[in-house]
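A.B. asks: I have a structure here, written as structure tokens, and I will follow up with some questions on it.
The values are calculated or read from the model by the stated rules, or taken from the named source; none is laboratory data. As the structure is a prediction and not an experimental result, all values here were calculated from the model. As a convention, Cβ positions derive from the backbone with ideal geometry for all residues, glycine included, and neighbour counts pool all protein chains shown. Areas reflect the complete protein model, heavy atoms only, side chains present, ligands, DNA and RNA absent. Shrake-Rupley method; radii C 1.70, N 1.55, O 1.52, S 1.80 Å.
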Amino acid sequence: MRYAISYVSSAKNNISEKEVEEILDSAEEYNNTGDITGLLLFSEGNFFQVIEGEEKKVRELFEDIKNDERHTNIIKLFEKPIHKPAFDGYRSDYVTENTKFNSAKLRDYHRHVEVLDTKTQQAVENVLRAFIY
Ligand SMILES: Cc1cc2nc3c(=O)[nH]c(=O)nc-3n(C[C@H](O)[C@H](O)[C@H](O)COP(=O)(O)O)c2cc1C
């Protein structure tokens, strides 16, 4: 059984585009080689992340992420075992005006969210709506 944690956070003040790109790229690289699946989005100063994988690994990664000074105000959305992985790899995206209207990407996010239970699905949908629409 896999385990998932999801949260939203605020980037530190004055974070540069380059720093954000570094966070997104290194998360994608590390997670894809370390069997962590999920999603990391950045939009207008906020992060939204889902990390999914072996329980111990996910908990340890979340501890590291919480201690990272490049973001603050970390609010956990859910933390739970999941019966079926919602994501098949690790994706990260810098959400801009262009991605806001990329319907293929939106459909892709929704396809993943459909795997979650109804209550969690609703919570994630609400956050995605705030992030993307
Ligand atoms: C918003 C945010 C999300 C992050 N997500 C991940 C992630 O999914 N995977 C990862 O390996 N590091 C992620 N990091 C980086 C980690 O906080 C940390 O720098 C990294 O795990 C390296 O830790 P280490 O220096 O202790 O090896 C993230 C950082 C931030 C600010």
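A.B. asks: Which whole-Hz ³J(HN,Hα) couplings does the stretch 39-46 yield from phi under the Karplus relation 6.51 cos²θ - 1.76 cosθ + 1.60, θ = phi - 60°, glycine and proline marked x?
C.D. replies: 8, 10, 10, 10, 8, 6, x, 10
A.B. asks: Using each residue's phi in the stretch 84-90, evaluate 6.51 cos²θ - 1.76 cosθ + 1.60 at θ = phi - 60° and report the 3J(HN,Hα) Karplus result to the nearest Hz, with x for Gly and Pro.
C.D. replies: Working through the residues one at a time gives 9, x, 7, 10, 9, x, 10 Hz.
A.B. asks: 5 Å is the cut-off here: which amide hydrogens, built 1.01 Å from N in the peptide plane, fall below it relative to Y7, excluding neighbours closer than 5 in sequence?
C.D. replies: Under 5 Å from the amide H of Y7: Q49, L77.
A.B. asks: Tally up the carbon and sulfur contribution to the accessible surface of the chain as a whole percent, 1.4 Å probe, everything protein left in place. Walk me through the intermediate numbers first.
C.D. replies: On the way: 3610 of 7570 Å².
So the carbon and sulfur contribution to the accessible surface is 48 percent.
A.B. asks: Also, I was wondering about something else. Using unit Cβ charges (K, R positive; D, E negative) and no other charged atoms, how large, in debye to the nearest 20, is the dipole of the chain about its Cα centre? Don't jump to the answer; show the numbers that get you there.
C.D. replies: Values: 18 positive and 25 negative charges, 116 e Å.
It works out to roughly 560 debye.
A.B. asks: With every protein chain left in place, what is the accessible area per residue of the stretch 2-132 in square angstrom, probe 1.4 Å?
C.D. replies: Working: 7280 Å² over 131 residues.
Value for the stretch 2-132: 56 Å² per residue.
A.B. asks: Could the peptides 116-125, 36-45 be put in order, highest first, of the mean number of other beta-carbon atoms found within 10 Å of their residues? Please list the in-between numbers first.
C.D. replies: On the way: 116-125: 14.5, 36-45: 19.6.
Those peptides, ordered most packed to least, come out 36-45, 116-125.
A.B. asks: Helix-derived [θ] at 222 nm for the chain: sum -39500 (n - 2.57) over DSSP H runs of at least 4, divide by residue count, nearest 500?
C.D. replies: On the way: 5 runs with 59 residues, N = 133.
Mean residue ellipticity, 222 nm, calculated: -13500 deg cm²/dmol.
A.B. asks: Starting from the amide H of I82, placed 1.01 Å from N in the peptide plane, find each other amide H under 5 Å away whose residue is 5 or more places distant or on another chain.
C.D. replies: R2, Y3, A4
A.B. asks: Something else: Quick check for the chain: number of Lys pairs with alpha-carbon distance under 20 Å, counting only pairs 8 or more apart or on different chains?
C.D. replies: Final tally of qualifying lysine pairs is 15.
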